[in-house]
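Scroll down for the structure; my scribbles are underneath it.
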Amino acid sequence: MDVGLLSQYIMNGLMLGMMYTLVAVGFTLFFGVLDIIKFSHGDVLTVGAFTGLATYIGLRSVGVSSTPLLLLAVLVVSILAMAALGMLIARYLVLPLRSAPALNTLLITLMLGTVLREMVRLFYPQGANPKPFPALLPTDSINLGQFNLRLDNAMMLATGVAIIVGLRLLLNRTKLGLAIRAVAQDEETARTMGINFTAVVLITFAIGSALAAIGGVMNGLYYNEINFGMGLLLGVIGFSAAIIGGLGSIYGAILGGFLFAALQTLGAVALPFASAYKDVFAFTVVIALMAWRPTGLIQEKISERV
Amino acid sequence: MSRIVRQLGLFFATALFVGALVVTAQAKDKVKVGFIGPLTGGVSVNGIGGRNSAELAVKLRNADAKATYEYELVVLDDECKPNVAVQVATKMAADKEIIAGATHYCSATAIATVDIYHKFGFPIIVWGAVLPDITYRNKYAEVHRVNGTMIDQNDVNAELISKLGFKTVAVIHDTTDYGKGHNAYFSKSLAKLGGKIVGTFGVTSDQQDFTAELTQVKALNPEVIYFGGLTPIGVRIRSQMDKLGIKAVFDGTSGIVSDAFIQGLGPLAEGALAFREGASTEKLPGGKFFLEKYAAQKYDNPPEAYGAFSYAAMDLILDSIEKVGPDRRKVIAELANVKDRDSIIGKITFDDHGQNTVALITKYVVQDAKFVEWEDSEYASGKRKLSGQK
């Protein structure tokens, strides 16, 4: 296989991995803070993408045509809107159910995800059809043999890396991050230390949902197309990626996301004319990994003292 | 009993008696007919268009004073998923009050349910699914179809590709019975004409990311990419082809003949090929009549590519019930004798497998954001050229 082709595969894998990671990090944050699985995360991504699209269409119709401004507006509006949505979900759905078994919260958020998805399909005009997402990033590309290096892909990859690094910094170097980690470790002690539990939970949900919004917009920019079902598979894969990597660990989510993307790309390459089975291959490997390391590849260093 | 009570009693009894006379004199017997299509999910526009068309047929028939019966349409959603289709088909077929049904747009659902209709003796007319096996795998008297099959479609497709001088084709198809059928028939037709298939890739019908398959396709460098599947992934494949810099011609089937395909791609849709049984709705014999009546109902959705077939199927069912009465077995016998029956899609004749022999295949090319018939297009006359055309 020539270098150009290999580079193209690697690029595809990296972009895919970045998308999965953004979703997986959200799952990991929510689990870390509240020990719950919020299954509507993938569909929050979809709503974020559609919010961005609606913003774009709205701004275009009032005559704004400067691309950087449009991109900024799309990002800002969808991030803020999804942060608000995340906080609403936390405040009215997740927090009241804290004392219920974790399975109940998983099921309820799963159902909420379906509601969000169907609302997009029903209330967005012609929501059932795939919608073109505008190309707001420069589309220049450099052709290196078989490999087509696109500027927009490189920018998105860099942004994704910056976001992950930023999140790490937030969690490790700021007081807010300290509060989040404290709540994640032990809720009761954190409260006794004077940390406002509700505020921290709401902020964590806001951050996670903002990441979903960025993921949704990135998805739209990468594929130039969004549809109401995009969050479903992304949610499942993001969740699996978070689990393989180790639920509760940000590094785990990153590892899981890129690992899953690598498996899918490998599957498509290694089974050239049976690429329909690449998902089967990827999930089978995930099952094998889970059997080997049930708590994930990066194990949680905290054990519960009963 | 007191006098007043007796008088009141007499009054009400008379009113009831007179009322009953009036009602029975005016009431027609109610008959239920069914419709099944994908009302939710990625191809719901086609299902909703089909449902509206079937509803239109029922409404027009109910407004007709000469009709013997009053019809009620029972609508069920198969979600374009075989497991759901089996459930709703069983529900409809098991309900003895529903006499016949116009069923299915998705081939995967239609093929899954033929055995159920046969088991319950429920007559159906398929209005949108093109997989040949639906009518040809078994000889079920209950199963009929008004639209054509994908065999003729793919013959014409392969012919056009070869005629335009394209020799190498990569096939991408979805892994449902629909996509696999297209792959099988197209490969056969192309091989007969000497074309070469450089690679075949199966993808799932809700797949989002095609970069892995398309990267391999790019390495194989075909002149044409044949796509056997439906609009949602057709849109994604075409737009991701552009992202990877693949310049091949996008050659689709009846699955992408939909307004959603053009809306989803914008300018990228230009130059895509597609094929369909029958003619565009306006050019059908009863097309103008159908479109006028459809517009008058002010539905939110257009009839889409197969709305006219759904109307014709429902109309044929209603005609049969008018003729022989609301009895499933009699309707089955009546439908076996359909020969040169006039309808808005032209003359319908069911062969011994219940298949309407619609020989006409229309070739389309997307030109200026519209599906234009190939012969009328600027590509055929040479003013515009398809990507890589000499």
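Here residue B:311 meets each of (1) modelled with pLDDT of 90 or more; (2) more than 29 Å from residue A:221 (Cα to Cα); (3) surrounded by fewer than 19 Cβ atoms within 10 Å (Cβ to Cβ) with one exception, condition (3). Taking each residue of region B:169-197 that is closer than 11 Å to residue B:154 by Cβ and looking for partners that are part of a helix (DSSP H, G or I) and of a type in the set (Val, Ile, Thr) with beta-carbon atoms closer than 6 Å, six or more apart or interchain, yields B:185/B:151.
When residues of region A:241-258 are filtered for being surrounded by fewer than 23 Cβ atoms within 10 Å (Cβ to Cβ) and modelled with pLDDT of 90 or more, how many remain? Qualifying residue count for the region: 2. Taking region B:320-344 as the range and being among the aliphatic types (A, V, I, L, M) and in a loop (DSSP other than H, G, I, E, B) as the test, the residues that pass are B:338, B:344.
Within the bounds of region A:268-278, is there any residue that is in contact with a Lys or Arg (Cβ under 8 Å, 6 or more places away or on another chain) and within 9 Å of another protein chain (Cβ to nearest Cβ)? Scanning region A:268-278, I find at least one residue that is in contact with a Lys or Arg (Cβ under 8 Å, 6 or more places away or on another chain) and within 9 Å of another protein chain (Cβ to nearest Cβ), so the answer is yes. Of all the numbered requirements in (1) of a type in the set (S, T, N, Q); (2) in contact with a Lys or Arg (Cβ under 9 Å, 6 or more places away or on another chain); (3) surrounded by fewer than 22 Cβ atoms within 10 Å (Cβ to Cβ), residue A:8 misses one, and that requirement is (3).
Restricting to helices (runs of 4 or more DSSP H) lying wholly in region A:1-99: which have 1 or more residues that are under 22 Å from residue A:246 (Cβ atoms) and not small (Gly, Ala, Ser)?
Working: elements: A:3-34, A:41-61, A:67-89.
The helices (runs of 4 or more DSSP H) meeting that bar are A:3-34, A:41-61.
Residue-level analysis places residue B:298 outside the set of residues that are among the basic types (Lys, Arg), touching a strand residue (DSSP E or B) at 6+ places or on another chain (Cβ under 9 Å) and more than 30 Å from residue B:247 (Cβ to Cβ). Every listed requirement among (1) crowded, with 18+ Cβ neighbours inside 10 Å; (2) touching a residue at least 24 places away in the same chain (Cβ under 8 Å); (3) within 19 Å of the chain's Cα centre (by Cα); (4) not assigned by TED's automatic domain parsing to the domain that holds residue B:156 is met by residue B:371 save one, (4). Looking only at region B:301-318, residues that are out of contact with any strand residue (DSSP E or B) (no Cβ under 8 Å at 6 or more places or on another chain) and in a helix (DSSP H, G or I) come to 5 in all. Candidates B:283, B:347: the one that is more than 20 Å from residue B:64 (Cβ to Cβ), touching an Asp or Glu at 6+ places or on another chain (Cβ under 7 Å) and not β-branched (Val, Ile, Thr) is B:347.
Per this entry, residue A:260 is not counted among residues that are of a type in the set (Phe, Trp, Tyr) and farther than 28 Å from residue A:131 by Cβ. Scanning region B:190-215 for residues that are more than 7 Å from every other protein chain (Cβ to nearest Cβ) and of a type in the set (D, E, K, R) turns up B:192, B:196.
Within region B:167-188, identify whether any single residue is in a loop (DSSP other than H, G, I, E, B), in contact with a Gly (Cβ under 9 Å, 6 or more places away or on another chain) and away from chain A (no Cβ under 14 Å), and answer yes or no.
At the first step, the residues of region B:167-188 found to be in a loop (DSSP other than H, G, I, E, B) are B:167, B:175-176.
Now narrow it down to the ones that are in contact with a Gly (Cβ under 9 Å, 6 or more places away or on another chain): B:167, B:175-176.
Among the residues that remain, those that are also away from chain A (no Cβ under 14 Å) are: B:167.
Scanning region B:167-188 turns up at least one residue that is in a loop (DSSP other than H, G, I, E, B), in contact with a Gly (Cβ under 9 Å, 6 or more places away or on another chain) and away from chain A (no Cβ under 14 Å).
Scanning region A:140-151 for residues that are within 9 Å of another protein chain (Cβ to nearest Cβ) and touching a residue at least 12 places away in the same chain (Cβ under 8 Å) turns up A:146, A:148. For region A:87-109, the criterion of being touching a strand residue (DSSP E or B) at 6+ places or on another chain (Cβ under 7 Å), of a type outside the set (Gly, Ala, Ser) and surrounded by fewer than 18 Cβ atoms within 10 Å (Cβ to Cβ) is satisfied by no residue at all. Of the residues contained in region A:24-34, none is found to be within 14 Å of chain B (Cβ to nearest Cβ), closer than 24 Å to residue A:157 by Cβ, in contact (Cβ under 8 Å) with a residue 40 or more places away in the chain and in contact with a Gly (Cβ under 9 Å, 6 or more places away or on another chain). Against the list (1) away from chain B (no Cβ under 14 Å); (2) surrounded by 21 or more Cβ atoms within 10 Å (Cβ to Cβ); (3) not β-branched (Val, Ile, Thr), the condition residue A:131 fails is (1). Return the pair list, or none, for Cβ contacts closer than 7 Å from residues in region B:324-340 that are on the phi < 0 side of the Ramachandran plot to residues that are surrounded by 14 or more Cβ atoms within 10 Å (Cβ to Cβ) and among the polar types (S, T, N, Q), at least 6 apart or on different chains. The qualifying pairs are B:331/B:320; B:334/B:320; B:335/B:320. Identify the residue in region A:245-267 that is within 12 Å of chain B (Cβ to nearest Cβ) and in contact with a Lys or Arg (Cβ under 7 Å, 6 or more places away or on another chain) and, among all such residues, is nearest to residue A:33 (Cα to Cα). Once the filter is applied, the top-ranked residue is A:264. When region B:216-265 is filtered for residues that are among the small types (Gly, Ala, Ser) and within 10 Å of chain A (Cβ to nearest Cβ), the ones remaining, listed by number, are B:219, B:234, B:239, B:245, B:258, B:260, B:264. Return yes when residue B:278 is within 19 Å of the chain's Cα centre (by Cα) and either of a type outside the set (D, E, K, R) or in the same structural domain as residue B:48 (by TED's automatic domain parsing) (or both) and no when it is not. Yes: the conditions hold for residue B:278.
Residue by residue through region A:100-133, note down the ones that are in a helix (DSSP H, G or I) and at pLDDT below 85. Residue satisfying the conditions is A:102 alone. Pairs meeting the criteria (first residue in region B:212-223 and under 13 Å from residue B:167 (Cα atoms), second residue small (Gly, Ala, Ser) and assigned to a loop (DSSP other than H, G, I, E, B), beta carbons under 9 Å, at least 6 apart or on different chains) are B:221/B:248; B:222/B:248; B:223/B:165; B:223/B:248; B:223/B:387; B:223/B:388. For region A:193-212, the condition holds for at least one residue, the condition being that it is over 19 Å from residue A:35 (Cα atoms), away from chain B (no Cβ under 13 Å) and surrounded by fewer than 20 Cβ atoms within 10 Å (Cβ to Cβ). Looking across region B:322-370, just one residue is of a type in the set (Lys, Arg), out of contact with any strand residue (DSSP E or B) (no Cβ under 9 Å at 6 or more places or on another chain) and within 22 Å of residue B:136 (Cα to Cα), and that is B:329.
The values are calculated or read from the model by the stated rules, or taken from the named source; none is laboratory data. Remember, predicted model here, so these are calculated numbers, not experimental data. All Cβ positions, even for glycine, are placed from backbone atoms using ideal geometry, and neighbour counts span all protein chains on display.
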